[in-house]
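Undergrad: Quick one: the structure is below, and I'll ask about it shortly.
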Amino acid sequence: KSRACCRPRISTTRPAGHTATSLGLLAALLGGAAGERPRAPESADPVPRIAMANRRRVLTVGDGDMSCSLALARAFGDRLHLLGSTLCSHVELERTYAGAAAISAELSERGARVAHGVDATALEAATLGSSQDHVVFCHPHLGLSDLLSVEEHARRHTALIGHFLASAKSLLAPGGLIHLTLCGNQRASWRVDDHCRRLGLEIVDGRHVAAPPLGGRAGVPVPPQPGWRARKRFRDGSLGSRHALAAYGYEHRRTEGDGDVRSDKSVELVIAEATPTPCAGPRRREDQAVGPQAECCAVSWTGGKDCNLALLAAWRGASLPG
């Protein structure tokens with residue numbers, strides 16, 4: 001829990017010797033005339049201000065040190081209404097990642113929100129506000145170092161992906177998209193296509209992670225500033241991912257033992273709700289030919305296994321015309 005702090009009381013009494021001349025000098029140093037409120041410095045980010053109603057609502061899940069969320073905030077600025085989430089608590093996050101406190105602070109300065117204790121497989125259980133235009137999960141992984149069996153590894157991550165896709169679908173706004181970044185043969189071994197078919201989803205795009213983020217749906221990112229870049233080993237592919245957001249500070253950490261994680265095979269899958277297939281309509285029953293000597297009879301049908309057997313036995317009975 002955050003600690004409550006007391007706001008310091010500010011005195012409005014002018015101290016002795018504080019003349020109008022000194023006030024004018026102070027105002028001049030702050031960039032304005034005496035009696036004028038100093039102007040706020042212009043933002044260094046070349047991103048135009050966009051009305052809140054026109055911003056794309058983006059939710060990131062399972063974001064480790066929150067560097068993916070920060071990279072999106074830097075790249076698109078006011079184009080996004082960003083909510084970054086992590087499974088860790090606030091204390092666990094800062095204890096695990098050295099730069100997490102600074103990242104969270106910058107996210108707050110940029111107007112983004114951060115939610116802790118959010119389970120990516122049960123997003124509907126968290127208080128996340130309105131529906132989302134984009135739900136982003138970069139390189140999902142359970143982080144189980146003792147999961148040595150290849151089959152068990154695939155089985156558990158198959159369940160992870162299935163539950164995530166079902167949960168993310170429940171949060172999508174009309175036309176919303178799910179962005180799932182995977183490596184190597186994870187798409188096949190974790191049965192992503194099977195999950196999509198079962199859940200009424202479809203993969204509408206698949207692109208290398210060096211392509212523009214969010215599947216290009218948020219427009220062209222602003223030019224990155226030199227001070228934003230991730231450390232070299234996190235952006236040159238040696239740790240498994242050469243991601244476009246690395247220029248904005250995203251640092252993907254490959255989990256130990258993931259031999260199939262290769263930078264040249266990392267892909268962002270863009271997933272949407274499947275377009276309903278038009279129904280062909282009811283099939284027309286074929287006309288049945290009736291012989292001239294046929295007898296009419298009535299059959300009462302109530303269903304059930306016993307009724308089926310009784311009807312079959314009656315049909316085979318000698319008393320009925322053959």
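Read the figures in this text as sums done on the coordinates, not as results from a lab. What you are looking at is a predicted structure, and each value in this text was computed from that prediction instead of being measured. Please note: Cβ atoms are built from the backbone with ideal geometry, for glycine as well, and neighbour counts cover all protein chains shown.
Undergrad: Explain nothing, just the number: relative contact order of the stretch 61-208, from Cα pairs under 8 Å at least 6 residues apart, as a whole percent.
TA: Answer for the stretch 61-208 is 23 percent.
Undergrad: Sticking with this one: Using amide H atoms built 1.01 Å from N in the peptide plane, name the residues 5+ places from Leu172, or on other chains, whose amide H lies under 5 Å from its own.
TA: Under 5 Å from the amide H of Leu172: Gln132.
Undergrad: Using only alpha carbon pairs under 8 Å that are at least six residues apart, calculate the relative contact order of the stretch 48-115 and give it in whole percent.
TA: So the answer I get is 36 percent.
Undergrad: Within the set of other residues whose C-beta is less than 12 Å from the C-beta of Leu201, count the net charge using Lys and Arg as +1 and Asp and Glu as -1.
TA: It works out to a net charge of -1.
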